[in-house]
Amino acid sequence: MKKFLFLFFWLPLVTFAQFTDINIIKEIHTKDKGLVVSAHPLASEAGAKIMKMGGNAFDAVIATQYALAVVYPQAGNIGGGGFLVGVKNNGEKFTLDFRETAPERASRDMYLDKNGRANTDLSQNGRLAVGVPGSVAGFFATLKYAKLPMEKLIQPAIDLADNGFALTEKEANLLNSESKNFDEYNRKTTVFQKNLPWKAGDILVQKDLAETLRRIQKSGMKGFYEGETAQLITAEMNRGNGIITLNDLKNYRVAERKPLIFNYKGHEIMSMPLPSSGGILLAQMLTMSGFENIGKYQHNSTAATQIMIEAERRAFADRAEFMGDPSFITDMTEMLISRDYLQNRWKTFNKNSATPSAAVGKITAQQSESTETTHISIIDKEGNAVAVTTTLNGLYGSKVMVSGAGFFLNNEMDDFSVKPGVPNMFGAVGGEANSIQPGKRMLSSMTPTIVLKNSKPYIIVGTPGGTTIPTSVYQSVVNTIDFGLSPNMSVNMPKFHHQWLPESVMVEKGFPETTIADLEKMNYKIERVQQIGRTEMIVIDENGNAVAVADGRGDDSVAAE
Ligand code: DON
């Protein structure tokens, strides 16, 4: 029988060994134990199990990601990419950029028709939307910080793929509703359509994926980027309009980058630098709302929300103009996060009314409307901390599964600016800085973040949600540091989002109606949405007491060592 545990209260340490199947655990309080928060209970348990076997946070994050690729195929992946932000207990801070790259045959105008019109269907769906996957290379780059061999870290995922796992109701519904898309973008019926209609408790077995994972277990990086898996990927490309070659796969490289680090109210915040916009946006937004001393207002009050919306507006206008892969553009990070620059940017703030977006950035073209990723936060008992956000971009990515290899390929090419002013699937616009070039990484919003206090990990946080990622991380940090909310409230209270363009402000179900009414009077256009983000957060106090919270918006779950 399936059991769901929704725990929102204090527990000394939850033990779940007595439950044999899916146990969703929303909150764990503990001390001196490793903690894993991820989008799926079985993935969190895989990470915790690895720590029990002697692994550290970095071992656990590898095992959790492989497990997510099996049990959370809409976003967990080996066919996508991501970013890792890590801090070792000796103070060493680092990031790994395993973002996808544009294939060598990609070009600036590859999604434009002969009249110069952008065809975002091609950048969002099917084989041409796929960027060269970086995830497996990212897992191998993480090994440098880990203790156990890859063969052990990948085993829980192989077991889950081989033996299968019980679907939750949400997963069963999702697979049923996506089946038509899988038919459209695949030649053969996929393993995800075998038992239609799926229902909660059905067992999903993925034999092809288990074989792919075994090739990685046996041959390392080559088990993915060369040999049979690489051949299966290029064969899949050749079934349609895909352009990824064997060379693209063989040449994929992870970039180890210096974290973006800035100070906020005596805390040291480390986040992802370009090619993610996440760290820069977070620094900009915190600094701008800091000018208004945001902590003196109430959480989700009119005054606080308006200040934060306006900080989001200015930061996202900069994203569209200045941000892209730092190997291809002039990196403006230092200027963009400097106090002087931001003070100047904040001069147009008017506490009585919305600032028109045209006043804070150059709008290139009339934009038209068009809308999975997953985050893991881990702390181990040695004090190592890691935040990873990884993505296929859209739900099940390009919806193209590598036939014979059992995994979905990303549709990350849509994160490039396919044409200046044309919005991507998250409504984000961009220009030259984020134009397509072979080998270039597409601009991201992923914001895996670790906040340090007295040089020790204090908050480990991140979320999926496209462009809503930096604003959700921003709000989670402000909720904790400025508004003094508990980790649970910081994660689960309704959030809001603004991104310069479109001009409207998204508010999540349950957001205070009085604040909404006040904002409307100040000329804000409100768009109500069902949910924003799926935030995974760990907060550790100065005595080492840790609270891990999995977002209540999904099947996200915490596991302890
Ligand atoms: O890198 C990015 O910013 C996007 N590809 C993330 C996509 C995402 O979060 C979708 N999840 N809901």
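Brief remarks follow.
- The label point for K31 and the one for D518, both projected 7 Å from the Cα toward the Cβ, are 4.0 nm apart.
- Alpha-carbon gyration tensor eigenvalues x 5, square-rooted, for the stretch 20-160, Å: 34, 18, 13
- Measuring how big the stretch 388-440 is from its alpha-carbon positions, Rg and Dmax come out at 12.9, 39 Å.
- For q = 0.14, 0.20, 0.26 Å⁻¹, Debye-computed log10 I/I(0) when each Cα of the stretch 187-273 counts as one equal scatterer: -0.77, -0.98, -1.23
- The HN-Hα couplings worked out from phi for the stretch 132-140 by the Karplus form 6.51 cos²θ - 1.76 cosθ + 1.60 (θ = phi - 60°) are 5, x, x, 4, 4, 4, x, 5, 5 Hz, whole numbers, x standing for Gly and Pro.
- Heavy-atom accessible area ranking, 1.4 Å probe, most first, across K207, K26, K347, K399: K347, K207, K399, K26
- Radius of gyration, Dmax [the chain; alpha carbons; angstrom]: 21.9, 64
- Pair-distance profile P(r), taking every C-alpha pair of the stretch 512-561, with 10 angstrom steps and integer %: 20, 29, 24, 21, 6, 0
- Geometric descriptor of the stretch 444-488, per residue, is 72 Å³ (volume of the convex hull of the Cα atoms).
- Accessible surface of S444, taken over heavy atoms with a 1.4 Å probe and every protein chain present, rounds to 0 Å².
- Using θ = phi - 60° and Karplus 6.51 cos²θ - 1.76 cosθ + 1.60, couplings along the stretch 256-268 (whole Hz; Gly, Pro as x): 8, 10, 5, x, 7, 10, 8, 9, 9, 6, x, 9, 9
- Peptide ranges 542-550, 191-199 listed from the most packed, as the mean C-beta count within 10 angstrom indicates: 542-550, 191-199
- Ellipticity at 222 nm from helices only: DSSP H runs of n ≥ 4 in the chain, each -39500 (n - 2.57), divided by the residue count, give -9500 deg cm²/dmol.
- Of K152/K207; K170/K207; K152/K399, those spanning more than 26 Å from alpha-carbon to alpha-carbon: K152/K399
- Backbone HN-Hα couplings from phi across the stretch 402-418 [Karplus 6.51/-1.76/1.60, Hz, Gly and Pro as x]: 6, 4, x, 10, x, 9, 7, 9, 5, 10, 5, 4, 5, 6, 6, 7, 5
- Set of aspartates and glutamates near K147 by C-alpha distance (under 15 Å), chain-local residues within fewer than 8 positions excluded: D59, D380, E382
- In summary, the aspartates and glutamates within cross-link reach of K250, defined as a Cα separation below 14 angstrom excluding same-chain residues under 8 places away, comprise E100, E104, E226, E228.
- Expected-Rg normalisation [2.2 N^0.38 Å, Cα atoms] applied to the stretch 334-429: 1.58
- Using C-alpha pairs below 8 Å separated by at least 6 residues, the relative contact order for the stretch 263-368 is 30 percent.
- Ranked by the mean number of other Cβ atoms within 10 Å per residue, highest first, peptides 216-226, 274-284 order as 274-284, 216-226.
- Relative frequency of Cα-Cα separations exceeding 17 Å in the stretch 135-193, percent: 61 percent
- The stretch 500-547 - charge dipole about Cα centre, Lys and Arg +1 at Cβ, Asp and Glu -1, debye rounded to 20: 240 debye
- Alpha-carbon centroids, the stretch 24-52 and the stretch 294-326: separation in whole Å: 32 Å
- Positive-end residue of I203, N434, H299, charge dipole of the chain with Cβ unit charges: N434
- Rounded to the nearest 20, the size of the Cβ-charge dipole of the chain about its Cα centre is 320 debye, with Lys and Arg at +1 and Asp and Glu at -1.
- If you take the alpha carbon atoms of the stretch 410-561 and fit the smallest convex hull around them, that volume is 159 Å³ per residue.
- Length available on full extension from I203 to K218: 0.36 nm per residue minus the Cα-Cα distance, which gives 2.7 nm.
The values are calculated or read from the model by the stated rules, or taken from the named source; none is laboratory data. Only a predicted model underlies this, so the values are computations on that prediction, with no experimental measurement involved. All Cβ positions, glycine included, derive from the backbone under ideal geometry; neighbour counts span all protein chains shown. SASA here: full protein model, heavy atoms, side chains in, ligands and nucleic acids out. Shrake-Rupley method; radii C 1.70, N 1.55, O 1.52, S 1.80 Å.
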